[in-house]
Amino acid sequence: QLQLVESGGGLVQPGGSLRLSCAASAASGFTLDYYAVGWFRQAPGKEREGVSCITSSGRNTDYADSVKGRFTISRDNAKRTVTLQMNDLKPEDTAVYYCATVDLTPHSLQSICVSRGTQFVKYWGQGTQVTVSS
């Protein structure tokens, strides 16, 4: 079974930046190369929501309106990682961030991954805490 591992969370001041990474654990024997991947987040008392998604090729992406222009998703298939660069962070970005594989075609990913992607997740990571506070 594919096991995902996130890293890069932490405490940052408003306006700061963090870089989250997602990779398949070596112990699982799988890689992310052939999977579309999404980043999702869950704040206390709120439902888990989509943040950004990327196809296996890296050519197609989707972003939540709340993070457009501030977050960038990318993947390095040589390093077998998916990265979420988060800039200009705001207190409302505070949440546990999860990476996950999403079972969506490239066309569908661009239109529904952020809004409905949790319905298409096959594997979840354990999550990493991001706290934005002064």
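The values are calculated or read from the model by the stated rules, or taken from the named source; none is laboratory data. Not measured: the values here are computed from a predicted model. Note that we place each Cβ from the backbone using ideal geometry, even for glycine, and neighbour counts take in every protein chain shown. With ligands, DNA and RNA removed, areas are computed over all heavy atoms of the protein, side chains included. Shrake-Rupley method; radii C 1.70, N 1.55, O 1.52, S 1.80 Å.
Restricting attention to the stretch 64-99 and to residues that are free of Cβ contacts under 8 Å to residues at least 60 places away in the same chain and crowded, with 20+ Cβ neighbours inside 10 Å, the residue that is nearest to ALA26 (Cα to Cα) turns out to be ARG75. Yes or no: GLN42 of a type outside the set (Lys, Arg), open to solvent by 80 Å² or more (accessible area, probe 1.4 Å) and in contact (Cβ under 8 Å) with a residue 40 or more places away in the chain? Spelling it out, it is not the case that GLN42 is of a type outside the set (Lys, Arg), open to solvent by 80 Å² or more (accessible area, probe 1.4 Å) and in contact (Cβ under 8 Å) with a residue 40 or more places away in the chain. When you check THR118 against the structure, is it open to solvent by less than 80 Å² (accessible area, probe 1.4 Å), more than 14 Å from THR55 (Cα to Cα) and out of contact with any strand residue (DSSP E or B) (no Cβ under 6 Å at 6 or more places or on another chain), yes or no? When the stated conditions are applied, THR118 passes them. Note on the stretch 25-44: residues that are more than 20 Å from TYR63 (Cβ to Cβ) and within 13 Å of the chain's Cα centre (by Cα) amount to 0.
Report whether or not PHE40 is of a type outside the set (A, V, I, L, M) and modelled with pLDDT of 90 or more. Lay out the reasoning, then the answer.
Values: of a type outside the set (A, V, I, L, M): yes; modelled with pLDDT of 90 or more: yes.
For PHE40, the condition - of a type outside the set (A, V, I, L, M) and modelled with pLDDT of 90 or more - is met.
Looking at THR81, THR128, THR72 in this structure, which one is modelled with pLDDT under 95, closer than 20 Å to GLU6 by Cα, under 14 Å from the mean Cα position of the chain (by Cα) and of a type in the set (Val, Ile, Thr)? Spell out how you get there, then give the answer.
Details: THR128 fails: modelled with pLDDT under 95; THR72 fails: modelled with pLDDT under 95.
That would be THR81, the only listed residue that is modelled with pLDDT under 95, closer than 20 Å to GLU6 by Cα, under 14 Å from the mean Cα position of the chain (by Cα) and of a type in the set (Val, Ile, Thr).
The numbered conditions (1) without any contact (Cβ under 8 Å) to a residue 24 or more places away in the chain; (2) of a type outside the set (A, V, I, L, M); (3) closer than 20 Å to THR131 by Cα are all true for SER52 except (1).
Looking only at the stretch 22-39, how many residues end up being surrounded by fewer than 18 Cβ atoms within 10 Å (Cβ to Cβ) and touching a residue at least 40 places away in the same chain (Cβ under 8 Å)? Break it down into steps so the answer makes sense when it comes.
First, the residues of the stretch 22-39 that are surrounded by fewer than 18 Cβ atoms within 10 Å (Cβ to Cβ): 25-29, 31, 33-34.
Pick out the ones that are also touching a residue at least 40 places away in the same chain (Cβ under 8 Å) and you get 31, 33.
Qualifying residue count for the region: 2.
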